[in-house]
Number of protein chains: 2
Amino acid sequence: MLELHFAVPMAGAIICALNTRLDPKMLSTQLCHSEAKILFVDHEFLQRAEEAITLLNNTQIKPPFLVIISEHGSFSPSTLAHKSEYETLVEEIGETNFSIVRPVDECDPISLNYTSGTTLRPKGVVFSHRGAYLNSIACVFTHGMRDMATYLWTVPMFHCNGWCFSWGTAIVGGTNVFIRRCEPKAIFDNIVTHKVTHMGGAPTVLNMIANSLATDQKKVPHTVEIMTGGAPPPPTILSKIEELGFHVCHCYGLTETYGPATWCLRKPEWDLLPVDEQVKLNARQGVKHFGMGEVDVKDLITMESVKCDGKSIGEIMFKGNTVMGGYFKDSRATQEAFSGGWFRSGDLGIKHPDGYIEVKDRLKDIIISGGENISSIEVETVIYSHPGVLEVAVVARPDDYWGQTPCAFVKLKEGVQVDAQEIIQYCRDHMSHYMAPRTVIFEDLPRNSTGKVQKFVLRKKAETLGSLT
Amino acid sequence: MLELHFAVPMAGAIICALNTRLDPKMLSTQLCHSEAKILFVDHEFLQRAEEAITLLNNTQIKPPFLVIISEHGSFSPSTLAHKSEYETLVEEIGETNFSIVRPVDECDPISLNYTSGTTLRPKGVVFSHRGAYLNSIACVFTHGMRDMATYLWTVPMFHCNGWCFSWGTAIVGGTNVFIRRCEPKAIFDNIVTHKVTHMGGAPTVLNMIANSLATDQKKVPHTVEIMTGGAPPPPTILSKIEELGFHVCHCYGLTETYGPATWCLRKPEWDLLPVDEQVKLNARQGVKHFGMGEVDVKDLITMESVKCDGKSIGEIMFKGNTVMGGYFKDSRATQEAFSGGWFRSGDLGIKHPDGYIEVKDRLKDIIISGGENISSIEVETVIYSHPGVLEVAVVARPDDYWGQTPCAFVKLKEGVQVDAQEIIQYCRDHMSHYMAPRTVIFEDLPRNSTGKVQKFVLRKKAETLGSLT
């Protein structure tokens, strides 16, 4: 996949890294929408790829040529024609003197990244060469990478091209370390063996590391910079993982912003504050990196900037080189995303007096109870700080009297016994009463293929519970 | 000057930082050629500025409005009308809500930098917003600067806008430390007081630090990254300065490449080599930074790349975003500089098998003796390694028999007694006989306003000596 991040654009083509966790139907939808000509597939995912290609038979689309990446140059027989093995192909038709096919215009597309969307309406974000170059540089800098850094991959490369680190590590002449399974033992082992200096990780990865078994952990002989994004890391996880030898760089962005767009740059003076205060400051989404043009929090209707008071809520919006050109073959969605002249993130946020932004919630995840806005993230942050809790997601439960009430889905740590009443009481002890959940349900959280909690699934569940009052 | 690097472009104007070491005549020439509308001048240089403006009376050019930057808000009376004091002016007519005037096109000029040239034909290099942005980022990265670095200025900001660090330090939210006089004591004092992490310095500054009095030195409590460029630092200076607590990053570039364009990235495996070997590797000009498109060493006539054999000599040439658009009001010089489709540096160099380039000499500084090319830099490097030598410059002396022979101008360290014969013998002991100078002259080296040795002055002196044989 890393090789292809260079080979495909250098051949004048566009790379579309597909999510390996998708089912054949969604894969087929994306192959169809993208009109991919060649499909490179790791042997591990061969069956699903073949199923996806078979599903294309019902469409007008010519099935892509299949290139199988086997671990040892061989692959199991398969039913499809038009296929080859990667290394064999490179050896047979690869040219040492191949001249790079450069883009005609630097704003020409380099990659296509599918973000959330349905099989009926896939949303393909188009990255340009220019944007990818600038975001790669900015991310490398934001991550504090210097020349010859060693980067451990847990961020999938189908996720904003690995937050642009697929290209970024090359800028610094870095070493890339890959693991087949993202597990604590593999992470610690590789950090020690390869002297890993930097790694990325979704909050679930931070969670996994923070809660890993002592027997899987290894003493990290140097600080490992870890960049996280996707959702604000809960303060408890943040402090726990730093004790284990990591230094967290908290970023924020969307596929539409090429991945990381802002980061919570730590100021030295924060070190003098009480730890609780520090952790709160560090959990914010922060300031734009130098590749991004502008980030602002604006009123959804008037488009005016909200005050830097840490209270006024608006939508987080972006402008600049590292904002996508648009969604592939979907001018309507593109227009909607840019209505008002800025890219609308769909995230609600505030601006602090120091100019740092903070995400309060997804526009559609806010809970409105008795006329009060409740940030589901704030409630989650409190519940996360409960020592028995491993994971939590809070959504709205419809209510005849209040309109909505917060409903918490909680996964407890192994062997822990806590009941709903204790969680509710804990919340009341640590936040305004109206914000505390009225319902607590213990179960595993449903996640999508990129590891994000599927709040719409939980919202449906909460709906079926009906009104509490 | 730092403020003006932001204020002038943000006002939609072009900054032209004039060399403070120029005489009124040259200053006047540049004011005339640039058609400057406002001249900001530090109180220390007021007299020269006024003389330069007076000289404009003989031209069609309207004299610029003079703004004097005084140290304490006051300034001595002067004979010119149309002038003001900087801080007073800012207070009186400065607007807090001034809207930034952004360039219409990112390739619009941001600055004008005069490089060598005569009063008859000044050469003004035009920097664009785009190029300045990219070179600033690349330089910051090359220098290994991270967020909130502290930068000590010894590089003049009239030199490629301070190698683009005028803007670069802002990218990292850095602190700028200024000194009025570039002297060893001030350098060491400020490093310790302000915890300087990074600084730039021409080879003369490195030389000054390396040869400073023990009483002026202070123990540097942390490694200070020092970026140098302009000429390859002699190996002896390089190793000496590192002993004092500095880590040298050796860059190469020209005003036409916005300052640094290549750097000698140190590979970890070099640490295993003998120190002599290391120092040789580190004295090379290296590889391009990520802002530059391409650097190559090419045959002057055929434009073919020379072999990576560490021997074949060609001209170093550049292409890319961080190459100037051209010389202001001089299409002929621009055409010459870009003849063959690449920017021609005028420097002769080689490519090593590892792809690193090395400057052998300025095209016009090469000495041709008995049909052999002698790199004046190579001869200088050997002479520099003599313990009694402070500075040296080698040029061609015309010769009836050999065509030319190397002639060395040497400045000895204080109190040292060495004669010409000893220097010549030392050279013969350390290099091929034909390369050793036939003439050694002891005197101070003439330098231009940017601190570069004026080889043309020495060449004229050597010419007047006549033939040796």
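The values are calculated or read from the model by the stated rules, or taken from the named source; none is laboratory data. Computed from a predicted structure; not experimentally measured. Here the Cβ positions follow ideal geometry from the backbone for every residue, glycine too, while neighbour counts run over all protein chains shown. Ligands, DNA and RNA are stripped out before the accessible areas are found, and what is left, the full protein with its side chains, is counted by its heavy atoms. Shrake-Rupley method; radii C 1.70, N 1.55, O 1.52, S 1.80 Å.
Some points to look at:
- Entry remark, the range B:279-304: residues being out of contact with any helix residue (DSSP H, G or I) (no Cβ under 7 Å at 6 or more places or on another chain) and either without any contact (Cβ under 8 Å) to a residue 24 or more places away in the chain or more than 14 Å from chain A (Cβ to nearest Cβ) (or both) number 12 in total.
- Residue within the range B:267-280 that is in contact with a Gly (Cβ under 8 Å, 6 or more places away or on another chain), modelled with pLDDT under 95 and not assigned by TED's automatic domain parsing to the domain that holds B:Ser385 present: no
- Once the range B:199-214 is narrowed to residues that are among the polar types (S, T, N, Q) and modelled with pLDDT of 90 or more, the residue that is least open to solvent (accessible area, probe 1.4 Å) is B:Ser212.
- Selection of the range A:399-424 for residues being assigned to a strand (DSSP E or B) and over 29 Å from the mean Cα position of the chain (by Cα) yields A:Asp399, A:Gly403.
So that you can scan it fast, the table gives a plain yes or no per residue for (1) open to solvent by 60 Å² or more (accessible area, probe 1.4 Å); (2) small (Gly, Ala, Ser):
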| site | (1), (2) |
| --- | --- |
| B:Val392 | no, no |
| B:Val395 | no, no |
| B:Tyr401 | yes, no |
| B:Gln421 | yes, no |
| B:Ser432 | no, yes |
| B:Arg438 | yes, no |
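- Restricting A:Leu46, A:Leu18, A:Leu55, A:Leu27 to residues that are surrounded by 20 or more Cβ atoms within 10 Å (Cβ to Cβ) and in a helix (DSSP H, G or I) narrows the list to A:Leu27.
- A:Thr334 being closer than 25 Å to A:Arg121 by Cα and within 14 Å of chain B (Cβ to nearest Cβ): no
- For the range B:146-174, a residue qualifies if it is open to solvent by less than 20 Å² (accessible area, probe 1.4 Å) and in contact with an Asp or Glu (Cβ under 8 Å, 6 or more places away or on another chain), and exactly one does: B:Val172.
- Of the residues making up the range A:92-132, those that are out of contact with any Cys (no Cβ under 9 Å at 6 or more places or on another chain), within 14 Å of chain B (Cβ to nearest Cβ) and either among the hydroxyl-bearing types (Ser, Thr, Tyr) or open to solvent by less than 10 Å² (accessible area, probe 1.4 Å) (or both) number 1.
- Screening A:Gly326, A:Gly340 for residues that are of a type in the set (Gly, Ala, Ser), away from every other protein chain (no Cβ under 14 Å) and in contact with a helix residue (DSSP H, G or I) (Cβ under 7 Å, 6 or more places away or on another chain) leaves exactly one candidate, A:Gly326.
- Subset of the range B:215-240 (residues that are modelled with pLDDT of 90 or more and either over 19 Å from the mean Cα position of the chain (by Cα) or aromatic (Phe, Trp, Tyr) (or both)): B:Thr215, B:Asp216, B:Gln217, B:Lys218, B:Lys219, B:Val220, B:His222, B:Thr223, B:Val224
- All of A:Asp271, A:Asp276 fail the test of being open to solvent by 60 Å² or more (accessible area, probe 1.4 Å), within 14 Å of another protein chain (Cβ to nearest Cβ) and outside any loop (DSSP other than H, G, I, E, B), apart from A:Asp271.
- Residue list for the range A:163-173, restricted to those being more than 14 Å from chain B (Cβ to nearest Cβ) and in contact (Cβ under 8 Å) with a residue 40 or more places away in the chain: A:Trp163, A:Ser166
- Test result for B:Asn373, among the polar types (S, T, N, Q), open to solvent by 40 Å² or more (accessible area, probe 1.4 Å) and part of a strand (DSSP E or B): yes
- Checked against (1) more than 14 Å from every other protein chain (Cβ to nearest Cβ); (2) within 11 Å of A:Val224 (Cβ to Cβ); (3) within 20 Å of the chain's Cα centre (by Cα), A:His198 meets all criteria but (1).
- Picking from residues in the range B:440-459 that are open to solvent by less than 50 Å² (accessible area, probe 1.4 Å) and touching a Gly at 6+ places or on another chain (Cβ under 9 Å), the one that is nearest to B:His386 (Cα to Cα) is B:Gly451.
- Summed over the range A:356-405, residues that are among the hydroxyl-bearing types (Ser, Thr, Tyr) and more than 17 Å from A:Leu465 (Cα to Cα) total 6.
- Only one entry of B:Glu242, B:Glu336 meets the criterion of being surrounded by fewer than 16 Cβ atoms within 10 Å (Cβ to Cβ) and outside any strand (DSSP E or B), and that entry is B:Glu336.
- Taken over the range B:245-256, the criterion of being among the small types (Gly, Ala, Ser) and surrounded by 22 or more Cβ atoms within 10 Å (Cβ to Cβ) is satisfied by B:Gly253 alone.
- Residues (in contact with a strand residue (DSSP E or B) (Cβ under 9 Å, 6 or more places away or on another chain) and more than 14 Å from every other protein chain (Cβ to nearest Cβ)) located in the range B:146-161: B:Tyr151, B:Leu152, B:Trp153, B:Thr154, B:Val155, B:Phe158, B:His159, B:Cys160, B:Asn161
- Hey, B:Val177 without any contact (Cβ under 8 Å) to a residue 40 or more places away in the chain, β-branched (Val, Ile, Thr) and open to solvent by less than 20 Å² (accessible area, probe 1.4 Å) or not: yes
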